[in-house]
Amino acid sequence: MKTTTRQANALANKLRLLSGVNVFENSRRNELIETRALLNYILYNYKKFTLYEIRDFYRDNGKNYDHATALHSIRNYELYKRYNKNYEDWMAKIVDDVEDSVIVRAKIEEKLNDMTLEDLKDVLELANRLDRKLI
């Protein structure tokens, strides 16, 4: 099922509450760039937005944005994630609050890439939460 603009706005609002920044602000401050990268990563990889839909989403919310900027942002997500320790916490809170099985499943796939014993415990916890939501 395609994410609606309303659902995408809900994700942006949740990130605003977590990060303290408005991703639609016309600024290039690092915290804005990094928060946009997280939102774009979620929209592109988990919600299956195209780059043009991400562009339109920002423009509809008053932010001057283009598809190439969205692509650059998504490609730099892993770099930003490495240095922004809040990313994992924010992602976990988004998964908890949005209760979206697509995000939960994608989070499980991420964990499987570099499996350790601690990661296995996290995957089991996510799978248990997903089962409770589907029942």
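What the table below lists for this structure:
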| item | result |
| --- | --- |
| Region 4-14 - residue that is free of Cβ contacts under 8 Å to residues at least 24 places away in the same chain and in a helix (DSSP H, G or I) and, of those, nearest to the chain's Cα centre (by Cα) | Asn13 |
| Filtered residue count, region 79-91, keeping only those that are at pLDDT 85 or above and among the hydrophobic types (A, V, I, L, M, F, W, C) | 2 |
| From Ile103, Ile94, residue being modelled with pLDDT of 70 or more, β-branched (Val, Ile, Thr) and touching a helix residue (DSSP H, G or I) at 6+ places or on another chain (Cβ under 6 Å) | Ile94 |
| Any hit, region 10-26, residues being polar (S, T, N, Q), surrounded by fewer than 21 Cβ atoms within 10 Å (Cβ to Cβ) and either assigned by TED's automatic domain parsing to the domain that holds Asp119 or over 26 Å from Leu130 (Cβ atoms) (or both) | yes |
| Candidate set from region 15-54 (those that are assigned to a helix (DSSP H, G or I) and basic (Lys, Arg)); member that is farthest from the chain's Cα centre (by Cα) | Arg16 |
| Qualifying residue in region 120-131 (condition: modelled with pLDDT under 70, more than 22 Å from Leu17 (Cα to Cα) and part of a helix (DSSP H, G or I)) | yes |
| Of the criteria (1) modelled with pLDDT under 80; (2) within 12 Å of the chain's Cα centre (by Cα), which one Leu112 fails | (2) |
| Any hit, region 39-46, residues being without any contact (Cβ under 8 Å) to a residue 40 or more places away in the chain and in contact with a Leu (Cβ under 6 Å, 6 or more places away or on another chain) | yes |
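The values are calculated or read from the model by the stated rules, or taken from the named source; none is laboratory data. As the structure is a computational prediction, the values presented were derived from the model and not from experiment. Neighbour counts run over all protein chains shown; Cβ positions are idealised from the backbone, glycine included.
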